[in-house]
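This report refers to the structure that appears directly beneath it.
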Amino acid sequence: MKRTLISLGTGLALIMMINVNAHAQNAEGDITVGGGLGYGFDVFDGEIGLNLNGYYSITDDIRAGLDIFYYLDDVDNFTAWELNALVNYFFVNDEELGVYALGGLHRFNASASGGGFTVSSSSTGLLIGVGFQYNLDPVSLYAEPRFSVVSNWNQLSVTAGVRYTF
């Protein structure tokens, strides 16, 4: 009888833990990696790029991470990319939908080469935005409109893609 009660109690505890975890899309200790496409409205008068990102969930509502955005420009001998250190705060964090504010440090780099010379430039600023995440467990779809504020240049961009949570 005692063994049955312990087994029943253990089984109920496991079910409750699974149920609690299913309600939060972003849970403390989660590691999330992803990638997708983005569009920068002010780089080369609008340019598509690749976005790679990774996050660590500090709490159920806060995660921190890095992302890189590499522009797929059609200009010869020219490259541009962004590196962002971000923090996300979830306003909605339920089983299917996550809605979060994002902010952090933004670094934009560009370089051009030709005629034996290379010229490069970089700027540092802030990034703010909002994110939407739809959970398909363990994969989620995301979309993030963002605004980069740099001393001599500002840009609106939108990224969307897929993330996997470990």
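We did not get these values from a lab; they are worked out from the coordinates using the rules stated. Given the structure is predicted, the values throughout are model-derived calculations rather than measurements. A quick note on method: Cβ atoms are made from the backbone with ideal geometry, for glycine too, and the neighbour counts reach across all protein chains shown.
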| note | Computed over the stretch 2-165, the convex hull of the Cα set has an average projected area, in nm², of 11.3 nm²
| task | For Ser151 and Phe41, calculate 0.36 nm times their separation in residues minus their Cα-Cα distance, and state this gained length in nm to one decimal. | result | 37.9 nm
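Multiplying the sequence separation of Ala143 and Ser123 by 0.36 nm and subtracting their Cα-Cα distance, what value in nm do you get?
Residue separation times 0.36 nm, minus the Cα-Cα distance, leaves 4.7 nm.
Could you work out the relative contact order of the stretch 2-165, using alpha carbon pairs under 8 angstrom and six or more residues apart, expressed as a whole percent? Before the final figure, lay out the partial values.
Values: 404 pairs, mean separation 32.1, N = 164.
It comes to 20 percent, rounded to a whole number.
With charges set only on the Cβ (+1 for Lys and Arg, -1 for Asp and Glu), what does the dipole of the stretch 2-165 come to about its Cα centre, in debye to the nearest 20? If you can, show how the numbers build up before the last one.
Details: 6 positive and 17 negative charges, 139 e Å.
Roughly 660 debye, rounded to the nearest 20.
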| field | Backbone N within the stretch 114-141 under 16 Å of label point (7 Å from Leu50 Cα along the Cβ vector) | value | none
